[in-house]
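All remarks here apply to the structure that follows.
Since every read-out is calculated from the coordinates, none of them should be taken as a lab result. Keep in mind it's a predicted model, so treat the numbers as computed, not measured. So basically every Cβ, Gly included, is an ideal-geometry build from the backbone, and we count neighbours across all protein chains shown.
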Amino acid sequence: MNHSLSISAILYFLIISPKCLPATVISEYKTLEDRHSKLDPSVKTSSAASPIIENYQVSFLNSNRESDIIGLSKNYLHRFGYLRPQQKVTFNNELDDELESAIIQFQSSHGLSVTGKLDFETIAQIKTPRCGVADVISTLHGSKRYQYFPGRPRWTRRMHMTLTYAFSPDYMIRYLSFSDIRAVFKRAFSRWSSVIPVGFSETEDYVYADIKIGFYSGDHGDSEPFDGILGVLAHSFSPESGKFHLDAAERWAVDFGSEESTIAIDLESVATHEIGHLLGLTHTPIKEAVMYPSLKPRERKTDLQLDDIQGVQALYGSNPNFTMNSLLESDIATNHAFHYPITTTKFFNIFVLMLLLKLLYF
Ligand SMILES: [Zn+2]
Ligand SMILES: [Zn+2]
């Protein structure tokens, strides 16, 4: 089998990486405030200093040797479920059959061209900020749509299921108003409840809430430590855990009209995605779907797509008020609201990708 890196990937690193990899190393960033201001000068955080944790995006930024890229890719693919745990002990910086197989599965799970190589498109996807929930590798070859956690868990209640949710009294972010955060989550939950017969209700009783929401930094006690700015953005757990954790290190935004940071992450998009996990969905290879694993800075993806709806309705049934016509009407309204018609979506995505690459190689 041919294990060589593609010409485009090699050219990419030889030409772009050296001038885009400043001599700065991550250890220079003493505080979160320092990191934010270095990654994006427009951000002026006022939060208390907190230690910075390495993440794979930063590691990629500081690597331009082919062998380093391969090693980092192996760690990433192991982290998100593409290389078996027992293989970790034998990780090296060489291309091998296991890596090629993992790359093929990764490309298939992300709707990429399946080449089995660490080509430009694959490495760009690896560098994109994403959800921390590991991808479920389909045993059916090349699943092209929504998937579930092993065992297909779901919430079980009697008729008229209503799940409660609450915000942690201790683990919140302070630069956004609580009322704005509440409004974002209310809209995110309502998107899912509009398509399935499940209601969501906010409660102040955090201890007994079905779904517990909080913003955490680094190691927060569930063996899934957050990694600082970008990289992993959030994670949540399968039914009926209800744990909903967001990385406090991100620059969360509720309104890109007033948030100028180029590395800001849309809170509502991530909230909508994580609720899908809480209900029992895992990641889909459909790029337009809410349950696609990655989200670029300043990207907004809040409208459930057909793949999301079919997946969650197969678990819970349909909301009697939901019709496909209402979905189409909402699509038209959304595209009008965002001032870009469907025909320009592809162009818009290319623009976002270029913006991301610029960010990563400032
Ligand atoms: Zn996810
Ligand atoms: Zn967690």
Express in whole angstrom the spacing between the alpha-carbon centres of segment 241-255 and segment 170-237. 6 Å
Positive end of the dipole of segment 147-323, charges at C-beta (+1 Lys, Arg; -1 Asp, Glu), about the Cα centre: which of S217, A248, T323 has its Cα farthest in that direction? T323
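Between D170 and I104, what's the calculated FRET efficiency when r is the beta-carbon distance and R0 is 30 Å? Round to 0.05.
Efficiency, from the Cβ-Cβ distance: 0.10.
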Relative contact order in percent for segment 242-332 (Cα pairs under 8 Å, 6+ apart) equals 23 percent
Mind checking the dipole of segment 147-323: about its Cα centre, +1 per Lys or Arg Cβ, -1 per Asp or Glu Cβ, Debye to the nearest 20? 560 debye
Taking K and R as +1 and D and E as -1, what net charge do the other residues with C-beta under 11 Å from the C-beta of F237 add up to? -2
Once the other residues with Cβ under 14 Å from the Cβ of E268 are scored (Lys, Arg +1; Asp, Glu -1), what is the net sum? -1
Compute the Cα gyration tensor for segment 131-245, then decide on rounded, prolate or oblate, letting a ≥ b ≥ c be the square roots of its eigenvalues: rounded whenever a/c is under 1.5, prolate when a/b is larger than b/c in the other cases, and oblate in all that remain. oblate
For a protection proxy built on the mean count of beta-carbon atoms within 10 angstrom, sort 176-189, 264-277 highest first, please. 264-277, 176-189
Here are some pairs, K127/K301; K186/K301; K144/K243; K243/K296; K127/K287; K186/K212; which of them have Cα atoms lying more than 21 Å apart in this structure? K144/K243; K243/K296
Env charge @ R158, Cβ radius under 15 Å, K,R +1 / D,E -1, value 0
Taking the alpha carbon gyration tensor of segment 147-323, what are the square roots of 5 times its eigenvalues, largest first, to the nearest whole Å? 24, 18, 16
Output the relative contact order of segment 163-235, whole-number percent, from Cα pairs under 8 angstrom with separation of 6+ residues. 43 percent
